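Single-structure report; data block below.
The values are calculated or read from the model by the stated rules, or taken from the named source; none is laboratory data. Quantities reported herein were computed from a predicted structural model and do not represent experimental measurements. Glycine also receives a Cβ, built like all others from the backbone with ideal geometry; neighbour counts cover every protein chain displayed. Accessible surface is based on the protein model in full, side chains and every heavy atom, while ligands, DNA and RNA are left aside. Shrake-Rupley method; radii C 1.70, N 1.55, O 1.52, S 1.80 Å.
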Amino acid sequence: MDKLMPSAGDHQLQNYEQMRDSFTWSDVEPVFSWYKSGKVNAAYECIDRHAADGKGDQTALLYSDKNRNESHTFEELRKSTNQAAHMFKKIGIQKGDRVFVFMPRSPELYIALLGIIKAGAVAGPLFEAFMKEAVRARLEDSEAVSIVTTPELLERIPYDELPDLKKIVLVGESEYPDKRFYSFYDEMKASPTDGNAIEWMDREDGMILHYTSGSTGKPKGVYHVHNAMIQHYQTAKWVLDLKEDDIYWCTADPGWVTGTSYGIFGPWLNGVTNVVRGGRFSPEDWYGTIEQHGVTVWYSAPTAFRMLMSAPKHALENADISSLRHVLSVGEPLNPEVVRWGMEAYGHRIHDTWWMTETGAMLICNYPSEPIKPGSMGKPIPGIKAAILDNQGNEMPPHEMGHLAIKSGWPSQMRSIWKNEAKFKDYFYFKGWYVSGDTAYRDEEGYFWFQGRNDDVINTAGERVGPFEIESKLVEHPAVAEAGVIGKPDELRGEIIKAFISLNDGYTFTDELKTEIQTFIKSELSAHAVPREIEFKKQLPKTRSGKIMRRVLKAWELDEPAGDLSTMDD
Ligand code: WTA
């Protein structure tokens with residue numbers, strides 16, 4: 001397909017080529033308070049700075065779900081996040097402590113998360129759909145000292161088996177089993193709205209810990225520091241193209257990195273009105289949200305766009321979405337077909353953006369002022385050098401496929417993998433480069449084209465799932481002897497999870513057993529980790545050292561040659 005040319009209008013990134021050559025990250029720093037004081041707090045920069053700049057009465061948060069419709073100004077959020085910070089300090093939270101939020105999207109979630117950061121602690125967002133074992137793994141690994149949650153989700157937190165978890169803050173009416181428990185609403189009410197709520201931090205102090213999956217081992221704690229705000233701020237300006245009077249909606253949950261970097265920091269660092277919709281996806285509700293709030297800039301994901309594409313026509317026809325001016329996507333490959341449909345259905349180009357939990361912020365993107373090549377992720381933002389490397393770490397010429405890598409040292413880059421130096425080092429296998437694990441190529445005009453993952457990480461509906469965690473759980477089921485898990489291509493979800501299992505003696509593979517195993521995974525890990533397909537094999541392909549060869553399973557599934565089988569056991 002031809003290039004899609006930019007729309008007319010003033011865009012925040014005007015002259016890409018020129019900016020690419022002239023920009024340095026230190027150009028951005030004077031925006032923030034540390035320029036004057038040397039100390040900083042990202043939550044202050046998100047909220048208080050705007051209240052101090054005379055924007056206190058502007059709407060910061062527009063929240064809606066089936067039962068609630070609320071708006072909070074910057075001044076109101078300044079006060080409530082101060083109260084939250086006071087609350088955390090009062091119950092004993094100290095600088096650097098890991099404090100988790102585990103609850104459905106609601107104003108309280110956002111207030112708690114910013115309160116944690118104001119108090120100088122490291123916020124650990126947990127997606128509300130996680131079940132007990134997934135929650136346990138993350139709280140255990142991070143040695144979390146506190147969690148904010150709802151009474152409904154409490155049964156998924158094995159707090160009696162987590163000695164570090166000493167403070168549990170409950171959002172909602174509940175019994176309080178013992179002294180570890182606090183009422184969010186009572187503590188908030190008892191806390192002052194002003195005073196010394198904010199802990200002033202060094203830019204390299206911890207801010208947020210996002211757990212994400214790799215292909216081996218447990219989920220990894222990706223550790224980000226306050227300094228990331230430089231890039232959150234600047235990319236939200238350039239790529240989201242946010243301006244003061246925009247109404248912005250990012251559909252991601254803060255349990256995933258998009259929901260924090262661009263559901264909290266990007267818009268609020270720019271002082272923009274941020275829309276949050278609670279509840280689940282439905283085409284009517286989503287278009288209704290755009291209409292209700294007059295959303296101008298919308299950031300979502302390919303699976304959502306594909307679901308909207310296949311929704312009944314009247315969903316779109318019944319809504320007035322004419323307020324939209326800029327639409328973006330992230331998390332998985334954005335099919336050219338979806339971009340084409342977006343032009344027809346919305347009259348807008350859908351701008352693809354590429355980045356990862358580990359990168360903290362956008363790196364390769366399509367810009368409102370630049371032509372789009374549908375199917376391409378776009379070009380590196382100014383201040384970022386991206387390259388395609390061969391297996392020796394040499395840069396490859398255009399059109400050759402290799403490792404997508406970024407020159408290390410950008411502001412929002414992760415600073416460590418929590419308590420796992422070895423995993424952290426794996427990313428920097430080629431000296432000076434961050435190696436993403438994605439394969440891609442670059443064309444002669446500098447556009448990057450995503451080709452796939454070069455490890456076994458599964459991307460289902462934009463959510464990153466590690467096969468190892470599911471395999472480990474599968475073999476805990478009494479019937480399952482061995483398990484291998486792969487991503488199987490799927491039109492709607494990009495990939496679905498498929499498990500191959502062998503059974504212990506005395507079990508036969510039936511539909512009932514399959515459902516039982518799926519329910520087991522759903523109740524122990526989470527709904528999005530459930531293998532939609534389970535296939536029985538008498539034996540799984542293994543290396544001589546006993547490792548299951550997912551590569552071979554995938555080749556079988558796709559009916560492709562399995563490649564080098566010299567390490568396979570007879
Ligand atoms: C994939 C989400 C194709 C990629 C922000 C990456 C993409 C992983 C794109 C990170 C894109 C993300 N096109 N693939 N525009 N954006 N991915 O950590 O494989 O949840 O490595 O971060 O998603 O997923 P994560």
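Miscellaneous remarks
- The chain, helix-only ellipticity at 222 nm - DSSP H runs n ≥ 4, -39,500 (n - 2.57), divided by all residues, nearest 500: -7000 deg cm²/dmol
- Potential extension, W200-A345 segment - 0.36 nm per residue separation minus Cα distance: 47.5 nm
- Our estimate of slack between F181 and D53, defined as 0.36 nm per intervening residue step minus the Cα-Cα distance, is 42.3 nm.
- Amide proton proximity set for R532, modelled H, under 5 Å, gap of 5+: I497
- These residues, T353, T543, go from largest to smallest accessible area, 1.4 Å probe, as T543, T353.
- Cα gyration tensor, segment 456-558 - rounded (a/c under 1.5), prolate or oblate: oblate
- Residues of segment 366-397 with amide N under 15 Å of a point placed 7 Å along Cα→Cβ from E444: 397
- Relative contact order of the chain: 13 percent, from C-alpha pairs under 8 Å at least 6 residues apart in sequence.
- Each other residue within a Cβ distance under 10 Å of W268 adds +1 if Lys or Arg and -1 if Asp or Glu, for a net charge of 0.
- Each of I93, V40, L109 was scored by the projection of its Cα onto the charge dipole of segment 34-125, and the greatest displacement toward the positive side belongs to I93; charges sit on the C-beta of Lys, Arg, Asp and Glu.
- Karplus 3J(HN,Hα) series, Hz, for segment 386-398 with 6.51 cos²θ - 1.76 cosθ + 1.60 (x for Gly, Pro): 10, 8, 9, 10, 7, 5, 9, x, 8, 5, 9, x, x
- Here the Kirkwood formula, the inverse mean of 1/r across different C-alpha pairs, assigns the chain a hydrodynamic radius of 24.6 Å.
- Sparsely packed trypsin sites (Lys or Arg not before Pro) within segment 239-315, loop by DSSP, other Cβ within 10 Å at most 11: R280
- Accessible area of the chain belonging to carbon and sulfur atoms, whole % at 1.4 Å probe: 47
- Packing rank of 501-507, 139-145, where each peptide gets the mean count of other beta carbons within 10 Å, highest leading: 139-145, 501-507
- Antiparallel DSSP beta bridges within segment 22-128, percent to nearest 5: 50
- Other residues within the sphere of radius under 12 Å centred on the Cβ of S33, judged by their own Cβ, net out at 0 (K and R +1, D and E -1).
- On the basis of the beta-carbon distance and an R0 of 45 Å, M5 and S174 show a calculated FRET efficiency of 0.20.
- The distance from the alpha carbon centre of segment 24-72 to that of segment 470-516 is 46 Å, rounded to a whole number.
- Once the C-beta distance of T216 and T508 is scaled by a Förster radius of 35 Å, the resulting FRET efficiency is 0.65 to the nearest 0.05.
- Restricting segment 166-222 to GluC sites (Glu not before Pro) that sit in a DSSP loop and have at most 12 other Cβ atoms within 10 Å of their own Cβ leaves E173, E175, E204.
- Neighbour cut-off at most 11 other Cβ (10 Å), DSSP loop, trypsin sites (Lys or Arg not before Pro), segment 474-570: K538, R544
- Surrounding net charge for K542, when Lys and Arg each add one and Asp and Glu each subtract one, Cβ distance under 9 Å: 0
- Bridging of K179 to lysines at a Cα separation below 23 Å is possible for K89, K90, K95, K132, K166, K167, K189, once same-chain residues fewer than 8 apart are set aside.
- Our estimate of slack between Q451 and E17, defined as 0.36 nm per intervening residue step minus the Cα-Cα distance, is 153.7 nm.
- Nearest-0.05 FRET efficiency for Q292 and T24, computed from C-beta distance (R0 45 Å): 0.65
- Size of electric dipole in segment 16-441: Cβ of Lys, Arg +1 and of Asp, Glu -1, about Cα centre, debye, nearest 20: 640
- Label zone at H399 (point 7 Å along Cα-to-Cβ), backbone N below 20 Å, segment 451-466: 451-452
- Between amide H atoms placed 1.01 Å from N, distances below 5 Å from A60 occur with H72, T73, F74, all of them 5 or more places distant or on a separate chain.
- Among beta bridges that DSSP assigns inside the chain, antiparallel share in %, nearest 5: 55
- Bridge type composition, segment 456-558 - antiparallel percent by DSSP, nearest 5: 80
- Residues in segment 209-216 carry Karplus couplings, in order, of 10, 10, 7, 9, 9, x, 8, 10 Hz; the curve used is 6.51 cos²θ - 1.76 cosθ + 1.60 with θ = phi - 60°, and Gly or Pro positions show x.
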